[in-house]
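Notes to accompany the following structure.
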Amino acid sequence: MFEIKNLHATVDGKEVLKGISLDIKAGEVHAIMGPNGSGKSTLGNVIAGRDGYEVTQGEVLLHGQNLLDLEAHERALIGVFLAMQYPVEIPGVNNMSFLKAALNAKRKMQGEPEVDAFDFLNTVKSKVKQVNMKEDLLYRAVNEGFSGGEKKRNEVLQMLVLEPTLAILDETDSGLDIDALQTVAEGVNSLRSADRSFIVITHYQRLLDYIVPDKVHVLADGKIVKSGDKTLAMELEKEGYGWVEA
Amino acid sequence: MRQQAWQQFTQQGLPTLRDEQWKYTPLRMVAALLKEEENNVGGILNEARTKQSNIELQFEANSYVKQVDFDNVAIFNHTFNLAEHPLAVLNTALMQSGVAITIPDNTVIAEPIVITCIANDASAEQTQQLRHIIKIGVNSKAQVIFKYESATEKRYFVNIVQEIHAGENSHLEHVIIQEQHDDALHIEGVHIKQAANSIVKSYALSKGAKLARFDIQAHFAAAGSSCEMIGLYQAKGKQHVDFHLNAEHKQPHCRTKQFYRGIVDDKAKAVFNARVVIHPQADKSVSEQTNNNLLLSNTAEVDTKPELEVYHDDVKAAHGATVGQLDKDALFYLTARGIQKEKAEEMLRTAFLSAVIDEIDSVMVQALFRTALGMMEDKNGR
């Protein structure tokens, strides 16, 4: 369903992804672990289409379509979702109208009419409960003044509303206490289905206690240096990254 | 009076870029028009006296709102110092039309008073001089809205002076919406004189005209007054927009708030110069000045200068200015959720301007501003 073939990317002329290949089947959860600066976040950003990265080689295929040919919003519309590591605060843009604009953009692409305001409100409110988020955050500006945990819950809320085909969670666990971590994981698990895949980027193994991956890859210096099943994450936790880099 | 003013004007002429208050405002297009007109009519002064302006004034005339009586010379030039305003000197010599709004004491006018000033084809290649006089009585309240529009595509110059007398304990909302065509030249001085405990809220929006210059000044004649100056500007192409705000605190317990935001694109230029002076005798003054700008192109330009002069210890005063671009991270965030780049940019521009619109008390004026700026979206998404 989702395939990365020999992906090379540079930032300011410096190569940060040095030939990454991945094959993720529909319904699978793949974890990408690795030390700081190994290229984990770059990989997420390149898939989602953030500016500032130059892809020098390779392909990124979702259902056979090369994402690299598409604008960031087009990638989102065909089902790519990046839960950001540092969700940005957007003063003056109301969280609810932003969610609605995003959902309507997707519905428009699918040839559906705009969402009914009443239905939308009910859907969103139930999902807000699901991620254990305070309802008044819906009526504030996007992420403005949100705590670290609230920002991450807001990311998961967006994911639940937009129901992506490929969700990438970029260190969504960083800065979360155990309660928030569990809520985030439950949100992700509730979306797991046979036609939806996940890439979970994380530095630590603890998130993977709650979101159990089908495969674990270790990224070091822009390359996947080791792949395995969920036990690889536990080994890493025990041995540290020095063990795979050596 | 006219003769004297004309003499003064012909002696001193238009301000030049060497004049501190006008150094960013290019008046050569105005000068060219004036010169040409003088050559054509031969005696612009006599012409002005006999002819109404080609700016059509549309309003509902009633006991409060009338045309200005230009024969009654005693009513002019009381809210500012003529020597400091060369364009007001020109206006004094040539003023042709305008509205006089007089609200008696103890009167609350619930309906907004709307004055629409429309330049027609006959105004082409001419200078037009408007003088509006507003008097709000003691304990009275009113909302006055001036809209400037064009029904011609030809260049003209409109020079406006507004004199506002806010009586004791009065409350005035004064609104300017400038949406003329992109070749108009617009200069406007709004001079506000406030009696004790009066509240004036000045809301201004400028998006049209080749050159738009506003001088909005508050004179606190007695203690306890408050003046808010809230405004927005948008400039693109080769437009030049220019706001000069001024408040002199010579009386105790007065409050000034100046909050302007602007978006500048293409090769346009914006100038924001706000000055608040707090004199030694102005106990417990409160002053707040904020100006934020968004530049949308590499060739757009902003000169912003909030000036604060404080000669007293017991005051609260803050000022700040920023010039920035659309936040790239915010743009990516929105597009990464499926929102088209153009739409995402529009959302961010709207958000930027909304912060100012939210400061406006009147929901009706908020709506007028949103419409003028093409912001149709329901803000709350509810």
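The values are calculated or read from the model by the stated rules, or taken from the named source; none is laboratory data. Please read all numbers here as calculations on a predicted model, not as lab measurements. Positions of Cβ are backbone-derived with ideal geometry, glycine not excepted, and every protein chain shown enters the neighbour counts. What goes into the accessible areas is simple: the full protein's heavy atoms, side chains included, and nothing from ligands, DNA or RNA. Shrake-Rupley method; radii C 1.70, N 1.55, O 1.52, S 1.80 Å.
What's the FRET efficiency of A:Trp243 with A:Lys25 using the Cβ-Cβ distance as r and R₀ = 22 Å, to the nearest 0.05?
Calculated transfer efficiency: 0.20.
From the cross-link list A:Lys151/B:Lys201; A:Lys127/A:Lys226; A:Lys5/A:Lys226; B:Lys147/B:Lys210; B:Lys51/B:Lys193, which pairs have alpha carbons spaced over 28 Å apart?
On the way: A:Lys151/B:Lys201 37 Å; A:Lys127/A:Lys226 37 Å; A:Lys5/A:Lys226 16 Å; B:Lys147/B:Lys210 17 Å; B:Lys51/B:Lys193 30 Å.
The answer is A:Lys151/B:Lys201; A:Lys127/A:Lys226; B:Lys51/B:Lys193.
When only C-alpha pairs under 8 Å and at least 6 residues apart count, what is the relative contact order of chain B, in percent?
Relative contact order of chain B: 9 percent.
Compute the distance from the alpha-carbon center of region A:11-89 to that of region B:196-227, in whole Å.
52 Å
Taking DSSP loops as anything outside H, G, I, E and B, show the longest stretch in chain A free of GluC sites (Glu not before Pro) there with at most 13 other beta carbons within 10 Å.
Working: sites that count: A:Glu71, A:Glu114.
Longest site-free region, per DSSP loop and neighbour criteria: A:115-246.
Once you place label points 7 Å from the Cα toward the Cβ at A:Ser227 and A:Glu71, how far apart are they in nm?
Going by the 7 Å Cα→Cβ label model, 3.4 nm.
Which value in nm describes the separation of the simple spin-label points at B:Lys23 and A:Asn6, placed 7 Å from the Cα toward the beta carbon?
6.2 nm
Please report how far the C-alpha centroid of region B:298-346 lies from that of region A:191-246, rounded to the nearest whole angstrom.
First find each Cα centre; the distance between them is then 41 Å.
Measuring from label point to label point, each 7 Å out along Cα→Cβ, what is the A:His63 to B:Lys238 span in nm?
Taking the two extended label points, one gets 5.1 nm.
For region B:232-324, which chymotrypsin sites (Phe, Trp or Tyr not before Pro) are both in a DSSP coil and crowded by at most 14 other Cβ atoms within 10 Å?
Taking region B:232-324 and a limit of 14 other Cβ atoms within 10 Å, the loop chymotrypsin sites (Phe, Trp or Tyr not before Pro) found are B:Tyr311.
Take every DSSP beta bridge whose two residues both sit in region B:2-327, then give the antiparallel share in percent to the nearest 5.
The answer is about 5 percent antiparallel.
Need one value for A:69-76: mean number of C-beta atoms belonging to other chains within 10 Å of its residues' C-beta atoms.
Going residue by residue through A:69-76 and averaging, the value is 5.
With every protein chain left in place, what is the accessible area per residue of the protein assembly as shown in square angstrom, probe 1.4 Å? Write down the numbers at each step before the final one.
Details: 25930 Å² over 628 residues.
In whole numbers, the protein assembly as shown has 41 Å² accessible per residue.
At a Förster radius of 45 Å, what calculated FRET efficiency corresponds to the Cβ-Cβ distance of B:Ala122 and A:Gln130, to the nearest 0.05?
With R0 = 45 Å, the Cβ-Cβ based efficiency is 0.10.
Assuming R0 = 60 Å, can you tell me the calculated FRET efficiency for the pair A:Asp214 and A:Asp119, based on Cβ-Cβ distance, to the nearest 0.05?
The pair A:Asp214/A:Asp119 has a calculated efficiency of 0.95.
Just tell me which lysines come within less than 17 Å, Cα to Cα, of A:Lys108; anything on the same chain fewer than 8 places away is out.
Correct list for A:Lys108: A:Lys100, B:Lys341, B:Lys343.
Only loop residues by DSSP count here, and only those with at most 11 other Cβ atoms within 10 Å; note down the GluC sites (Glu not before Pro) in region B:162-197 that meet that.
Nothing satisfies the criteria.
Would you mind checking which residues have amide H under 5 Å from B:His219's amide H? H placed 1.01 Å from N; only 5 or more apart, or other chain.
Here B:Ile192, B:Lys193, B:Gln194 satisfy the definition.
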